[in-house]
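Please treat every number below as a calculation from the coordinates, not as lab data. Bear in mind the structure is a predicted one, so any value in this text is a computation, not a measurement. Using ideal geometry, Cβ is built from the backbone for each residue, glycine included, and neighbour counts are taken over all protein chains shown.
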Amino acid sequence: MNKYLIVSMLVGLTIFISCINHKAKSNGEWKIFNRENSDYTDNTAFTISFDNNYTAWIGSQHSGVFNFDGTNWTNFNMDNSNLPHNYAYKSFIGQDNTLWLGTFGGGLVNINKQTWRIYNKQNSDLNANYIYDITTDKNTIMWIGTWENGLYKFNGLEWQNFNFKNSKLPGKKVTALAIDQFNNVWIGTSDGLAVLKDSMWILSDYLNFKPSSRAIYSIAVSENNIIWIGLKFGGLAKFDGVNWTYYTTDNSDIPSNLVYGIAIENEDKIWIATNGGGLGKLENKNWTIFNESNSALPHNYLFTVVLIISG
């Protein structure tokens with residue numbers, strides 16, 4: 001069984017995606033893809049998702065989305081496909097193994113083989129063209145976080161919008177989404193945390209969520225329903241259902257207080273992608289840091305971390 005940790009780069013001129021094969025060596029093997037050594041021709045990688053065939057879908061800032069099957073690269077952009085915008089900010093694989101793309105300027109895209117569906121302000125009740133996050137709950141309901149108009153719920157036919165005017169959503173920008181083991185929707189915004197339990201809103205004060213920074217970048221849920229939250233300037237937060245634990249540069253060896261991405265390997269091993277501090281691994285309360293100084297990681301500005309198990 002192979003374990004691959006995939007990291008995307010927020011900025012950088014040559015290096016964008018790094019892979020660690022943890023089976024190969026105790027310290028892992030790194031493989032770098034960039035425009036000099038591959039057909040990945042953009043200089044940013046914001047999002048990575050893997051479909052059921054272990055094909056990677058990588059969203060870029062300037063060149064649309066890239067498909068990588070382990071050997072060959074295929075690029076879909078505004079010039080050669082129906083992609084409405086080349087800034088592919090978020091990728092997500094649905095339960096039917098179709099690709100969903102959230103663009104920053106062109107709305108939401110669903111790609112099912114040769115069929116493309118576009119949802120945006122111009123043609124649907126999705127009154128947003130800037131998509132931050134996408135997920136689906138256990139009832140196959142889609143949840144979409146937007147930059148300009150809060151949260152959307154989509155059942156495949158009808159859209160429902162939750163914003164700070166018509167609901168208790170704490171912030172206009174919905175930056176992170178996750179579904180817990182009880183099918184509750186955890187919602188990270190630019191101004192705090194909310195949980196949508198059926199039709200009931202549970203907010204930060206009730207949850208006793210008191211980080212040093214309210215802006216949220218990422219949310220992940222473990223099999224035991226432990227909630228992990230990556231914060232802008234506030235480090236990493238852990239919620240066990242009763243108590244919160246906060247990891248910042250003031251009280252721990254976390255490499256940065258800007259946590260853009262989270263991947264859960266198991267209950268005792270958490271990976272984080274940080275903006276400026278490289279890659280962090282929290283294992284049994286101990287931090288291990290991978291950065292451009294002590295590893296083959298070519299850049300410390302990371303955006304996404306994804307764990308894939310194959311074989």
Subject >> Structure-based [θ]222 nm, the chain - -39500 (n - 2.57) summed over DSSP H runs of at least 4, per residue, nearest 500 >> reply: 0 deg cm²/dmol
**OP:** Assuming a ≥ b ≥ c are the square roots of the Cα gyration tensor eigenvalues, decide whether segment 95-197 counts as rounded (a/c under 1.5), prolate (otherwise, with a/b larger than b/c) or oblate.
**Re:** oblate
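Projected area of segment 27-84, taken from the Cα convex hull and averaged over every viewing direction, in nm²?
Details: hull surface 20.0 nm².
Answer in nm², one decimal: 5.0.
Restricting attention to segment 230-286, which GluC sites (Glu not before Pro) occupy a DSSP loop and are surrounded by at most 15 other Cβ atoms within 10 Å? Display every interim value, and only then the final one.
Values: sites: Glu265, Glu267, Glu283; in loops: Glu267.
Sparse-neighbourhood loop GluC sites (Glu not before Pro): Glu267.
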Subject >> trypsin sites (Lys or Arg not before Pro) lying in DSSP loop within segment 39-120, provided at most 10 other Cβ fall within 10 Å >> reply: Lys113
Subject >> Tail beyond 20 Å, pair distance distribution of segment 248-311 (Cα, percent) >> reply: 21 percent
**OP:** Mind jotting down the distance between the C-alpha centroids of segment 74-117 and segment 134-202, whole Å?
**Re:** 21 Å
**OP:** Take peptides 137-146, 191-200 and line them up by average Cβ neighbours within 10 Å, highest first, as a rough protection proxy.
**Re:** 137-146, 191-200
